[in-house]
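Below is one structure, written out as C-alpha cells, with a few remarks after it.
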Amino acid sequence: MSHRVGAILAAAGRGERLGLGPKALVPLGGWPLVLWALRPLQEAGLDEIVVVAPPEATAEVRRLIGARGSFPAVRSVLPGGLRRQDSVYAGLQALTQEVGWVVVHDAARPFTTPELVARVLAAARETGAAVAAAPAVDTLKEGTGTVRRTVPREEMWHAQTPQAFRRDWLEEAHRRARSEGFAGTDDSVLVERLGHPVRLVPSCHHNLKITGPEDLRLAEELVRGSTTVRVGMGFDVHPFAPGRPLVLAGVEIPSPVGLAGHSDADVVCHALMDALLGAAGERDIGFWFPPSHPRWRGARSRELLVQVVARLAERGFTPVNADVTVVAEEPLLSPLVPAMKASLAGALGLDEGAVAVKATTAEGLGALGRREGMAAWAVCAVRAPGRWRI
Ligand code: CTP
Ligand code: MG
C-alpha cells in the first residue's frame, strides 16, 4: 500500500448552531476557522490536502488559502454536500490515486496540533484505522428530562478529529454507508460497521470543537489569554530647513521652516515606526527603509508607518496603544494635536483614545532649544501572538 498520505478537511458545514454564516469563514483571533484547522495538517507534513467548502463559499475559501501562501499541500478546494458524510465522500473522490492513507479532519477544530495528527496517523498505520478521542471526565447520564440510567464512564470516549484510515477501508465504508442508507456523524463509525478495529488515540479536551456561540467565546478566550503585550520605544530628530514642508504624523503643518531629511522627515512617524518595530523585536527603520536607497527619497512616512503595521500584522502583532512626545520650540503644535492623533490612529488601526500626541519645548536648552531642529519620542504597546495562533 502506498505510504502517501492525503487529508480531507471537512469545512462545508452551514454553521447553523453558531449562527454566523459558514463556520469555516468565522474568524477566531482574526483568522478564519478553516485556516486554523489547516495549519496542523500542513505542519504534520501530509502529502496532499483536499478542502471541502460550502458551495456558496468555495471561491472565498480558495482565495483565503491561496492568499496566505503557507498551505502548499492544499491540492484542491471543492464544494461539499448536504451532510458531513457527503462532504467527506466528495473529498475522497478528489484525492490522487497514489494516496494510500487518509486523514479526515473537521474545520470546526482550531486547536489541533501537528503532533496529534502524527500520533493518529501512526496508530492508524498499525491497525488500519485510528481516531483522536478524549476520555470522558463527567459522569454520564442517559435520559430525556429525567435520568434513565447512569452510564459508567470508564471506557467512554469523546471521539474527535483527526481520524486516519487505510484508504481502501474508508472508501469501502463510505460506499457501504451510501448504499445502505446509513448516516454517521464521523468517519470512524462507518469503518466500525465493517468490523475493522479502530484504535483510540488519547487526545485532550483542548482539541475542542466549535459548535455554538459558547464554544467560540471560550476559544477566543484561549487565543487571547495566551497572547502577551510587549512595549517598544523609538526616537528621532531632524534639523530644521527653511522652505521645506513640515509634516508631522502625516499632517502637513503650516510653517515657514520644515525638516531636512531624505524622506518627508516626519519625526513623529519615524519615532513611532521604531517603537513598533522595537516591540516586535525587529530591526529599525534605517534597516527596512535605508536612506541610501533612492526608493525612499521623498517618501511619505505615514505610508511607511502603514507598511510597518501591515508587516507586524503578518506576524500576528497588533498595536494596543501609542504615546508620542514632540519636542520643538516652534511652531505651536497644540492646535494640530487632534489632526495628528486622528492620522496616527488611522495608520495604526486604533481608536483615537488609544493614541496620544504631546508637544513640549526644550525651554531654550541645547540644540532643540536653539531652534536647530525637532525631536520625537514614541512608546507603543503591541499584542503579540501566544501559544494558540495561526
Ligand atoms: N461539515 C461538512 N459538510 C456538511 C456538514 C458539516 O463538511 N454538509 C463539516 C463542518 O464544516 C465541520 C464538521 O463537518 O467542520 C463538523 O460539523 P458541525 O460541527 O456540525 O458543523 P456545521 O454543520 O457547520 O454546524 P451546524 O450543524 O451547527 O450547522
Ligand atoms: Mg452539522
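The values are calculated or read from the model by the stated rules, or taken from the named source; none is laboratory data. Nothing here was measured: the structure is a model prediction, and the numbers come from that model. As a convention, Cβ positions derive from the backbone with ideal geometry for all residues, glycine included, and neighbour counts pool all protein chains shown. These area figures cover heavy atoms from the full protein model, side chains too; ligands, DNA and RNA do not enter into them. Shrake-Rupley method; radii C 1.70, N 1.55, O 1.52, S 1.80 Å.
Some observations on this one:
- Solvent-accessible area per residue, Å², over the chain with all protein chains present [probe radius 1.4 Å]: 47
- Set of lysines with alpha-carbon distance to residue 209 below 18 Å, sequence-local pairs under 8 removed: 23
- Taking the inverse of the mean reciprocal distance over all distinct Cα pairs, the Kirkwood hydrodynamic radius of the range 228-384 comes to 15.4 Å.
- In the chain, helical runs assigned H by DSSP with n ≥ 4 each contribute -39500 (n - 2.57); averaged across all residues and rounded to the nearest 500, the mean residue ellipticity at 222 nm is -9500 deg cm²/dmol.
- Rounded Å value of the spacing that divides the Cα centres of the range 343-390 and the range 194-226: 42
- Of the peptides 147-153, 71-77, 18-24, the order by per-residue mean of other Cβ atoms within 10 Å, starting with the highest, comes out as 18-24, 71-77, 147-153.
- A cut-off of 5 Å between modelled amide H atoms, ignoring neighbours fewer than 5 places along the same chain, links residue 373 with 240.
- Global form of the range 27-66, assessed from the alpha-carbon gyration tensor, a/c cut-off 1.5: oblate
- Here the range 5-225 exposes an accessible surface that is 52 percent carbon and sulfur, computed with a 1.4 Å probe and the other protein chains kept in place.
- Against the criterion of solvent-accessible heavy-atom surface with a 1.4 angstrom probe, 236, 138 sort, most first, into 138, 236.
- Fraction of accessible area attributable to carbon and sulfur, the range 243-390 (%, probe 1.4 Å): 54
- When peptides 40-46, 203-209 are sorted by average Cβ neighbour count within 10 Å, with the highest value leading, the order is 40-46, 203-209.
- Cα-based radius of gyration of the chain once divided by 2.2 N^0.38 Å, which approximates compact folds: 1.32
- Counting only aspartates and glutamates at least 8 places from residue 341 when in the same chain, those with an alpha carbon closer than 15 Å to its own are 252, 266, 323, 351, 352.
- Ranked by the mean number of other Cβ atoms within 10 Å of their residues, highest first, the peptides 212-223, 160-171, 248-259 fall in the order 160-171, 248-259, 212-223.
- Cα-Cα pairs of the range 204-297 separated by more than 15 Å (percent): 71
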